[in-house]
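Here's the structure, in structure tokens; my notes come after.
The values are calculated or read from the model by the stated rules, or taken from the named source; none is laboratory data. Keep in mind the model is a prediction, meaning the values are calculated, not measured. Here the Cβ is made from the backbone with ideal geometry for all residues, glycine too, and neighbour counts use every protein chain on show. Remember, those area values only see protein heavy atoms, side chains included, never the ligands or the DNA or RNA. Shrake-Rupley method; radii C 1.70, N 1.55, O 1.52, S 1.80 Å.
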Amino acid sequence: MRTSETKTVIRDFVPADAEGVSNLFRAIYGPRYVYPEVYLPSLIRERNAGGKWHSAIAELDGEIVAHAALLHDQEAPGQAEIALTVASPRVAGRGTGVRVCRHLRDRAPQWGIGMLTAILVSSHVQSQRMANPLGFGTTGLLLDYLPSSFLPNARESYVLACLPLMSCPLPCLDWPDGCDHWLSAMT
């Protein structure tokens, strides 16, 4: 069967995938990815086994060709950041990265997640294009926030996005008077 006829499988991460995930990050980003854990298969397995990450992968002909994960902050158990998204040039332009992220988005409520966030690097147009079909809305911009993984000796701005998965994603707090007009869109 030719590669063009082979179906890409989207599925949850299993520990045996860690080496392939690490190799994919190394092939696409070299040593520059912002989360260094992706270069150590043992840490990829540990983060997933401990529930800090929920990873999903795309597999084509037995090769891992895309990855994404929900990153959990233990201090905010009802929300997660969708991150660690990478796709091989082998599947470029086929929507594989979006499909992996959609898989995670659709599974998130099963893990008690009511709000997804995304921090999109301003120079990484692909990640910004992926956020829209997933339903994310832009909520903020952090100008020159961190050193760039893509541009040597430069700083990157980040687009903040969120996607509420439940009808009341914000905590029940006594918000100050005057906040109603901007909170109404999120509540």
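Among the residues of segment 33-58, write down those that are more than 14 Å from the chain's Cα centre (by Cα) and in a loop (DSSP other than H, G, I, E, B).
Leu40, Gly50, Gly51
Could you check how many residues of segment 63-77 are at pLDDT below 95 and either in a helix (DSSP H, G or I) or surrounded by fewer than 17 Cβ atoms within 10 Å (Cβ to Cβ) (or both)?
Summing the residues that are at pLDDT below 95 and either in a helix (DSSP H, G or I) or surrounded by fewer than 17 Cβ atoms within 10 Å (Cβ to Cβ) (or both) in segment 63-77 gives 5.
Looking only at residues in segment 142-165 that are at pLDDT 80 or above and in a loop (DSSP other than H, G, I, E, B), which one is least open to solvent (accessible area, probe 1.4 Å)? Before the answer, list the steps.
Filtering segment 142-165 down to residues at pLDDT 80 or above leaves 142-145, 153-165.
So of that shortlist, the ones also in a loop (DSSP other than H, G, I, E, B) come out as 153-154, 165.
Working: Asn153: 168, Ala154: 34, Leu165: 52 Å².
Only one residue fits best here, namely Ala154.
Can you tell me which condition Glu81 does not meet? The list is (1) in a helix (DSSP H, G or I); (2) open to solvent by 30 Å² or more (accessible area, probe 1.4 Å), and all the others hold.
It fails just one condition, (1).
Go through (1) closer than 22 Å to Tyr158 by Cβ; (2) open to solvent by 40 Å² or more (accessible area, probe 1.4 Å); (3) not aliphatic (A, V, I, L, M) for Gly30 and report which single condition fails.
(2)
Of everything in segment 7-26, what is among the acidic types (Asp, Glu) and part of a helix (DSSP H, G or I)? Give them in sequence order. Walk me through it before giving the result.
The initial filter retains those residues of segment 7-26 that are among the acidic types (Asp, Glu), namely 12, 17, 19.
Hits for segment 7-26 are Asp17, Glu19.
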